[in-house]
Amino acid sequence: MLEVLGVDHWGEEAYLALVGGGPLTENELAGMTTVEPDVLGKVLQRLEDRGLISRVPGQPVRYAALPPEPAIEVLLLARERDIERVRALAQHLGERHRRERSGRDATELVEVISGPDAVARCGQQLLRRAKDVIRGIDAPPYAQAAEGAEISSTANVTDRGVRRRFIHERGMLRVDGQAEKIERGVATGEEVRIFPNVPMKMILSDDDLALIPLRATPRVLDSCILVHPSSLLDALSTLFEMLWAQAQPFAAVAEEVRGGDPPLSEVERRIVSLLAHGLSDEAIARQLGIGYRTVQRRIQALMARLSATSRFQAGVLAARRGWWDPS
C-alpha cells in the first residue's frame, strides 16, 4: 500500500512492525520481519529520510515510528505536488504536439497501427484517456492484448463519469455470451443500441481521436487507423450519430411489472429482452445456457400470461404492460 509513497515492501514491513511495537533495535526488527539483515540498515535509513521513523537517543540504537497520520500526510502532499507538475508538463507537451501537428501535411493526421497487440493497446489507451464520452460501434473481429486482457469499455473505462455509448450489430446477439456481456455493460451505466448491420468497428474517444480497422471487413484485427482531428474524424463522428439515431435501444426489461401482474423471473426477463431483439428460440437457448425446449415452454407460458396468439402481439402487449421499454 505504501508503494505509492516510494516505500518498497520491505520498508513497509519494517515500518508496520515499528508502528505496532515500541522502539526496536535493528537486530530485534530482523527477528520480527522477513527483511534481509544485510539490507535492513538501508531500509531503515530510507524510512528515516522520508520522515516516517526516527532514532531514539541512547545505546544501542533503537528506531521508533513517528506519528503516522502527519508523517504520511506530508508524503502524500509531496506526491500530489509531483503529480501536478507532471500533469502540467503533459498539458504543455500536448499543446506543443498539437501545434506541431497542425502545421504538418494532412496525411500525417492518420497513423497506421500494425500488429494485433499494438492495435489492442491503442484501443485500451483510447478507452482509458477519455474524459467526457466514449462512442463505439461494436462488431467482430475483437482485439486482445498479448497478455489476454479484454479490450472493452467495462474493463478499461475506470472513470464512471465518462459517458459510454455503443452500437452493437444485431447478429452479435446470437454469439454465445455476447448478450450477457452487453447486459453487464448496461448494468454499469453503458448506453446501448442495436443496429441490423453496422458498416465497421469504431472507437471514438471524446471528439479528438478515432480508431477504425484498416480493411473494411478484416478477419483478424491486425491493423487499424488512428485518426486525429480532421474532416475524416468529423465524418466518423457524423456516421456514428446517424446510426445512433436509427438504432434500436437495447430492450430495457422492467424489474417490476405494472397492473398487479406477478413479477418476471430473471430468466423470463432475459427471454423477453432477447425476443424483443428478434432472436430465435435456438439463439436464446444458447445465450441463456438452457435447453431449446425449455425456452419454447417458457415463451409459450409468457404468451399465455399475455393472452397473445402471436409473437408480434406478445411484443405489443408486453410493452403495454411495462415488461420492457421499446423507447
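The values are calculated or read from the model by the stated rules, or taken from the named source; none is laboratory data. Since the model is a prediction, treat every value here as computed from it, not as a measurement. In this analysis, Cβ positions are derived from the backbone assuming ideal geometry, glycine residues included, and neighbour counts consider all displayed protein chains. Heads up: the accessible areas ignore ligands, DNA and RNA and are worked out on the full protein's heavy atoms, side chains in. Shrake-Rupley method; radii C 1.70, N 1.55, O 1.52, S 1.80 Å.
Just a few scattered comments:
- If you go through the stretch 232-255 and keep only what is modelled with pLDDT under 85 and more than 24 Å from the chain's Cα centre (by Cα), you end up with Ala254, Glu255.
- Within the stretch 299-317, considering residues that are touching a helix residue (DSSP H, G or I) at 6+ places or on another chain (Cβ under 6 Å) and either among the polar types (S, T, N, Q) or outside any loop (DSSP other than H, G, I, E, B) (or both), the one surrounded by the most Cβ atoms within 10 Å (Cβ to Cβ): Ala314
- Sub-8 Å Cβ pairs linking a first residue in the stretch 11-39 that is among the small types (Gly, Ala, Ser) to a second residue that is outside any helix (DSSP H, G or I), at least 6 apart or interchain, are Ala14/Thr33; Ala14/Val35; Ala17/Leu24; Ala17/Thr33; Gly22/Ala64, ordered by first then second residue.
- Here is the figure for the stretch 15-53: residues that are open to solvent by less than 50 Å² (accessible area, probe 1.4 Å), part of a helix (DSSP H, G or I) and aliphatic (A, V, I, L, M) total 9.
- Filter result for Val198 (under 25 Å from Arg170 (Cα atoms), touching a residue at least 24 places away in the same chain (Cβ under 8 Å) and open to solvent by 30 Å² or more (accessible area, probe 1.4 Å)): no
- The stretch 1-14 - residue that is assigned to a helix (DSSP H, G or I) and open to solvent by 60 Å² or more (accessible area, probe 1.4 Å) and, of those, farthest from Leu77 (Cα to Cα): Trp10
- Scanning the stretch 178-195 for residues that are among the charged types (D, E, K, R) and either open to solvent by less than 50 Å² (accessible area, probe 1.4 Å) or touching a His at 6+ places or on another chain (Cβ under 8 Å) (or both) yields Glu183, Glu190, Arg193.
- Qualifying residue in the stretch 256-274 (condition: assigned to a loop (DSSP other than H, G, I, E, B), surrounded by fewer than 18 Cβ atoms within 10 Å (Cβ to Cβ) and modelled with pLDDT of 80 or more): no
- So Glu48, is it more than 30 Å from Pro229 (Cβ to Cβ) and among the acidic types (Asp, Glu): yes
- Considering the stretch 275-291, the residues that are touching a Phe, Trp or Tyr at 6+ places or on another chain (Cβ under 8 Å) and modelled with pLDDT under 80 include one that is surrounded by the fewest Cβ atoms within 10 Å (Cβ to Cβ), namely His277.
- Selection status of Ile113, of a type in the set (Val, Ile, Thr), open to solvent by less than 50 Å² (accessible area, probe 1.4 Å) and modelled with pLDDT of 85 or more: yes
- Failed item in (1) free of Cβ contacts under 8 Å to residues at least 24 places away in the same chain; (2) crowded, with 20+ Cβ neighbours inside 10 Å, with Leu221 passing the rest: (1)
- Those residues of the stretch 204-214 which are in contact with a strand residue (DSSP E or B) (Cβ under 7 Å, 6 or more places away or on another chain) and open to solvent by 30 Å² or more (accessible area, probe 1.4 Å), in sequence order: Leu214
- Candidates Arg85, Arg62, filtered to the one that is surrounded by 17 or more Cβ atoms within 10 Å (Cβ to Cβ) and out of contact with any helix residue (DSSP H, G or I) (no Cβ under 7 Å at 6 or more places or on another chain): Arg62
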